[in-house]
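Structure first, then comments.
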Amino acid sequence: MQRDLFSPEHELFRDAVRRFLAGEVAPRIEQWEARGTFDHDLFTKAGRAGLLCPTVSESYGGPGADLLYSAVVLEEGAFLGNFGLSLTMHSEIVTNYFQHYASEDLKRRWLPRMVTGECVGALAMTEPGGGSDVKSVRTNAVRDGDCYVLSGAKTFISNASVSDVVIVVARTDPSAGARGISLLAVDTRLSGVSKGQPLTKIGLKAQDTGEFFFERVRVPVDHLIGEEGRGFAYLMQELPWERLQIAVSAVAAAEGAYRATVDYVRERRAFGQAVADFQTTRFLLAELKTEIRIGRTFVDDCLRRHLAGQLDAQAASMAKYWCSDLQGRVVDACVQLHGGYGFMAGQAIARAWVDARAQRIYGGTNEIMKELISRDLDL
Ligand SMILES: Cc1cc2nc3c(=O)[nH]c(=O)nc-3n(C[C@H](O)[C@H](O)[C@H](O)COP(=O)(O)OP(=O)(O)OC[C@H]3O[C@@H](n4cnc5c(N)ncnc54)[C@H](O)[C@@H]3O)c2cc1C
């Protein structure tokens, strides 16, 4: 599909991302999948290649470019275990809390080293007791002199075991509901911070997903991001773009699976003809191609709106749920068209199938997306 969203400069960057992933990620992905995490030096290499933190401003060492550069990273990483998401969790989610809300001191302390990849970022909202209901977080931060004393546990956190800084969603006022939630930038080397082993997952195996335990960690008060009690509001402001990132990677992963399947059915023969020549195959591919195009059109429109500062939360929730559902439908059909080979470990299409599943869960489950959309139905 012809797209007019990206400039020739974006396309040059796309070539660089593609080369980087082919040279640095693809050859190591099986080794990382076996370990359940990747090497920290992936980030320093990505930093050297200029792939990290495209939107961080020049004052903090970044290129100060537009978010379409991040969309390129998401798209190119999508058919490789959604690898772009590990990079953009750092580049486009964690950095945004610093850029948009943190003090000048915090920005200077973390952003330049996040741009180079020396320092890897994570965001910790979800707790063992629940992730959907962010307002009910139990991790607490109690003021004691010039520190907060942070206690609690977080789970399912992307980049956890490789992280150097984690933004922790904590309750600073037990009686104030959503207004009692704050964000703290926590150096993961602080005394009392521990990380579990990377969690063993059924998919996205090379991505790092882990736990944090905070035992009376003394976090200096000036590591508070923005104002105390505004954490929930900051999360709500950032979530639309975080959800759109999932939609961008979902459509790209669906497209990658579709293309790989077209190549496969052209080559594979049954009953004396190519599998591509069966009408059922062509009709199925026609449906997939149509749906991918619908998804691509919607996501590109959301990206345009976000660039113009006009992406509404409802559209972002729609894009997240519909495109991750689309990804699930497409990869499932593509496995079917691969026959038995589609079910074999190590096959790219089999990996795409298991990796797709988490997209409907993280970033707010698809049920939560529908709940959010349904709050504004003009009934
Ligand atoms: C690979 C991976 C990476 C992740 N990375 C991060 C990360 O970096 N940072 C982070 O903070 N979290 C992360 N998460 C956690 C993720 O965001 C949560 O798993 C998700 O928000 C759901 O929370 P939960 O697992 O506690 O499910 P629960 O909240 O227990 O939900 C269980 C089920 O109940 C449904 N449900 C809950 N409430 C409602 C409702 N009101 N209406 C209808 N249905 C409802 C849900 O949709 C779901 O089907 C990650 C998860 C995975 C799998």
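A few comments on the model shown:
- Considering residues of the stretch 311-366 that are free of Cβ contacts under 8 Å to residues at least 60 places away in the same chain and either within 12 Å of the ligand (Cβ to nearest atom) or assigned to a loop (DSSP other than H, G, I, E, B) (or both) only, the residue surrounded by the fewest Cβ atoms within 10 Å (Cβ to Cβ): 345
- In the stretch 48-75, the residues that are over 24 Å from residue 4 (Cβ atoms) form no Cβ pair under 6 Å with any partner that is part of a loop (DSSP other than H, G, I, E, B) and of a type in the set (Ser, Thr, Tyr), whether six or more places apart or across chains.
- Filter pass, residue 200 being farther than 16 Å from residue 141 by Cβ, surrounded by fewer than 18 Cβ atoms within 10 Å (Cβ to Cβ) and not hydrophobic (A, V, I, L, M, F, W, C): yes
- Sole residue being within 20 Å of the chain's Cα centre (by Cα) and more than 18 Å from residue 206 (Cβ to Cβ), chosen from 50, 36, 61: 50
- Residue match in the stretch 301-310 (condition: within 17 Å of residue 75 (Cα to Cα), without any contact (Cβ under 8 Å) to a residue 60 or more places away in the chain and away from the ligand (no atom under 15 Å from the Cβ)): yes
- When the strands (runs of 3 or more DSSP E) confined to the stretch 136-233 are screened for residues that are among the small types (Gly, Ala, Ser), away from the ligand (no atom under 15 Å from the Cβ) and farther than 30 Å from residue 82 by Cβ, none reaches at least 2 such residues.
- Residue check for residue 27: outside any helix (DSSP H, G or I) and more than 30 Å from residue 286 (Cβ to Cβ): no
- Identity of the residue in the stretch 118-135, assigned to a strand (DSSP E or B) and of a type outside the set (A, V, I, L, M), that ends up farthest from the ligand (Cβ to nearest atom): 121
- Among the residues of the stretch 367-378, those identified as outside any helix (DSSP H, G or I) and either away from the ligand (no atom under 14 Å from the Cβ) or of a type in the set (Ser, Thr, Tyr) (or both) are 376, 377, 378.
- Scanning the stretch 234-280 for residues that are free of Cβ contacts under 8 Å to residues at least 60 places away in the same chain, at negative phi and not in a helix (DSSP H, G or I) yields 269, 270, 273, 274, 278.
- One residue from 24, 92 being among the acidic types (Asp, Glu) and either at positive phi or more than 16 Å from the ligand (Cβ to nearest atom) (or both): 24
- Within the stretch 90-108, residues that are among the basic types (Lys, Arg) reach partners that are at pLDDT 95 or above and assigned to a helix (DSSP H, G or I) with beta carbons closer than 6 Å, at six or more positions or on different chains, in the pairs 107/60; 107/98.
The values are calculated or read from the model by the stated rules, or taken from the named source; none is laboratory data. Note that this is a predicted model, so its numbers are computed, not measured. No Cβ is skipped: glycine too gets one built from the backbone with ideal geometry, and neighbour counts run over all protein chains shown.
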